[in-house]
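**Student:** Below you'll find the structure I mean.
The values are calculated or read from the model by the stated rules, or taken from the named source; none is laboratory data. In this text, all values refer to a predicted model and were calculated from it rather than measured experimentally. Cβ sites come from the backbone with ideal geometry, for glycine too, and all protein chains shown count toward neighbours.
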Amino acid sequence: MSSFNVQSTKALMDITARPELVFVKGEGSWLEDHAGKRYLDVIQGWAVNCLGHNPKVMLDALSKQSQLLINPSPAFYNQPSLDLANCLVNSSVFNRVFFANSGAEANEGAIKLARKWGQKKRQGAYKIITMQNSFHGRTIATMSASGKEGWDKKFPPQVDGFPKAIMNDLDSVKALIDEQTVAVMLEPVQGEGGVIPATPEFMQGLRALTKEKGLLLIVDEVQTGYGRCGTLFAHQHYGIAPDIMTLGKGIGGGVPLAALLSTEEVSVFEYGDQGGTYNGNPLMTAVGVAIFDALTAPGFLESVNARAEQLSQGLLTLSAKYGLKGERGLGLLRALILDGDYGNDLVLAARERAPEGLLLNAPRANLLRFMPALNISEDDMNTMLVWLDALIAEVRK
């Protein structure tokens with residue numbers, strides 16, 4: 001294997017603190033770096049690789065489609081995008097789909113669509129109530145919509161029109177509604193915010209409130225959608241029907257693909273309002289079809305829920321053993337709540353573990369977030385829990 005060359009990294013913009021290793025290949029729940037060291041990966045590109053690294057169904061779809069057609073222009077129809085759009089419509093409460101390249105782009109589209117609907121249906125209403133500690137992307141508008149602490153100071157001025165309510169506090173939403181309000185937008189589970197699920201009472205109350213007030217309900221399912229939470233879409237846990245939904249991450253299984261979905265009534269874009277050079281290109285949407293077929297195959301979601309139960313019970317066992325503060329989440333998007341701010345120490349110790357490493361994520365200093373492949377094996381999940389046990393004991397010393 002080749003040695004690591006620090007100088008070779010200088011061509012990249014320095015936008016995050018990366019460790020001095022280069023991943024060169026992956027399979028399933030495992031990655032291998034330039035030195036041949038293997039890592040058990042329970043981050044999977046931040047819930048992106050829903051079928052793990054390099055699944056055969058993706059490779060086959062890429063190979064087949066690349067020999068047919070890659071990008072004819074979004075000004076024309078192509079068969080894979082039609083196939084995937086129909087898969088999504090037929091398995092959801094939505095009627096229309098717009099494909100994008102990233103979750104942030106899909107959320108930007110949702111904001112535009114809601115404002116367009118406000119122009120047409122609510123006398124120009126434009127405000128979208130979002131949640132404190134939410135995360136909707138890194139464009140200027142989606143950063144403004146996000147409730148991530150400190151983001152309002154990064155690239156001022158922010159885009160106006162995103163008052164912040166409190167997750168799971170319906171009264172805080174009610175207090176923000178005025179004649180300029182057009183929608184409420186939230187993640188069913190706040191991933192970056194610390195894996196905080198919406199309560200059934202809050203989500204159902206929000207749907208009732210938005211209907212009563214004539215507002216749209218937008219669910220950002222970039223992280224929670226596509227089987228991540230044990231149902232095809234996380235809002236299905238709550239028995240509600242939103243007006244707009246965004247998807248990303250898992251929809252492409254590792255390739256750049258996202259989607260904006262709406263009901264027929266809300267699909268009010270006019271020609272020229274929305275577009276994108278690569279949006280809905282057949283290479284990416286062919287992969288999307290393959291991923292969709294895998295996720296909706298008989299028994300797949302049942303296995304996701306079995307692994308989710310294994311993970312939840314394993315984390316609860318570790319919490320009881322070390323006097324931690326429990327676990328929370330939905331499906332295979334879960335967090336272990338620590339008894340101190342040593343999450344980043346655990347991430348480092350896990351990565352440096354020998355002879356094989358473990359890839360963990362700490363979105364907050366006092367917790368770990370788990371986003372394994374939806375098809376992670378029972379053995380790999382058990383290995384992760386055994387290793388985590390030893391790492392907690394080591395770091396807490």
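**Student:** Pick out, from the stretch 7-70, the strands (runs of 3 or more DSSP E) lying fully within it that include 2 or more residues that are of a type in the set (Ser, Thr, Tyr) and at negative phi.
**Tutor:** Values: elements: 23-27, 30-33, 38-41.
So the answer is none; nothing clears 2.
**Student:** Find the residue count for the stretch 345-376, including only residues that are surrounded by fewer than 19 Cβ atoms within 10 Å (Cβ to Cβ), closer than 13 Å to residue 335 by Cβ and among the aliphatic types (A, V, I, L, M).
**Tutor:** Within the stretch 345-376, residues that are surrounded by fewer than 19 Cβ atoms within 10 Å (Cβ to Cβ), closer than 13 Å to residue 335 by Cβ and among the aliphatic types (A, V, I, L, M) number 1.
**Student:** Only one residue in 225, 253, 239 is touching a residue at least 40 places away in the same chain (Cβ under 8 Å) and not acidic (Asp, Glu). Which one? Explain how you work it out, then say what you get.
**Tutor:** Values: 225 fails: touching a residue at least 40 places away in the same chain (Cβ under 8 Å); 239 fails: touching a residue at least 40 places away in the same chain (Cβ under 8 Å).
Unique residue meeting the criteria: 253.
**Student:** Follow-up question, since we're still on this one. So if I check each of 103, 109, which one is modelled with pLDDT of 95 or more and in contact with a His (Cβ under 9 Å, 6 or more places away or on another chain)? It would help to see each step written out before you state the result.
**Tutor:** On the way: 109 fails: in contact with a His (Cβ under 9 Å, 6 or more places away or on another chain).
Exactly one of 103, 109 is modelled with pLDDT of 95 or more and in contact with a His (Cβ under 9 Å, 6 or more places away or on another chain), namely 103.
**Student:** Quick one: would you say residue 244 is surrounded by 24 or more Cβ atoms within 10 Å (Cβ to Cβ), touching a strand residue (DSSP E or B) at 6+ places or on another chain (Cβ under 7 Å) and free of Cβ contacts under 8 Å to residues at least 60 places away in the same chain? Please lay out each step first, then the result.
**Tutor:** Details: surrounded by 24 or more Cβ atoms within 10 Å (Cβ to Cβ): yes; touching a strand residue (DSSP E or B) at 6+ places or on another chain (Cβ under 7 Å): yes; free of Cβ contacts under 8 Å to residues at least 60 places away in the same chain: no.
So residue 244 fails the test.
**Student:** Hey, another quick one. For a quick check of your reading of the model, give me the residue pairs whose first member lies in the stretch 381-397 and is closer than 15 Å to residue 344 by Cβ, whose second is among the hydroxyl-bearing types (Ser, Thr, Tyr) and outside any helix (DSSP H, G or I), with beta-carbon atoms closer than 7 Å and at least 6 apart or on different chains.
**Tutor:** If the second residue must be among the hydroxyl-bearing types (Ser, Thr, Tyr) and outside any helix (DSSP H, G or I), the pairs left are 395/342.
**Student:** Which numbered condition trips up residue 313, out of (1) buried (at least 16 other Cβ atoms within 10 Å of the Cβ); (2) closer than 14 Å to residue 370 by Cα?
**Tutor:** (1)
**Student:** In contact with a Gly (Cβ under 6 Å, 6 or more places away or on another chain), of a type in the set (Gly, Ala, Ser) and crowded, with 21+ Cβ neighbours inside 10 Å: does that describe residue 106? Walk me through it before giving the result.
**Tutor:** Numbers: in contact with a Gly (Cβ under 6 Å, 6 or more places away or on another chain): yes; of a type in the set (Gly, Ala, Ser): yes; crowded, with 21+ Cβ neighbours inside 10 Å: yes.
Yes.
**Student:** Restricting attention to the stretch 87-141, which residues are out of contact with any helix residue (DSSP H, G or I) (no Cβ under 8 Å at 6 or more places or on another chain), of a type in the set (A, V, I, L, M, F, W, C) and part of a loop (DSSP other than H, G, I, E, B)?
**Tutor:** 93, 135, listed by residue number.
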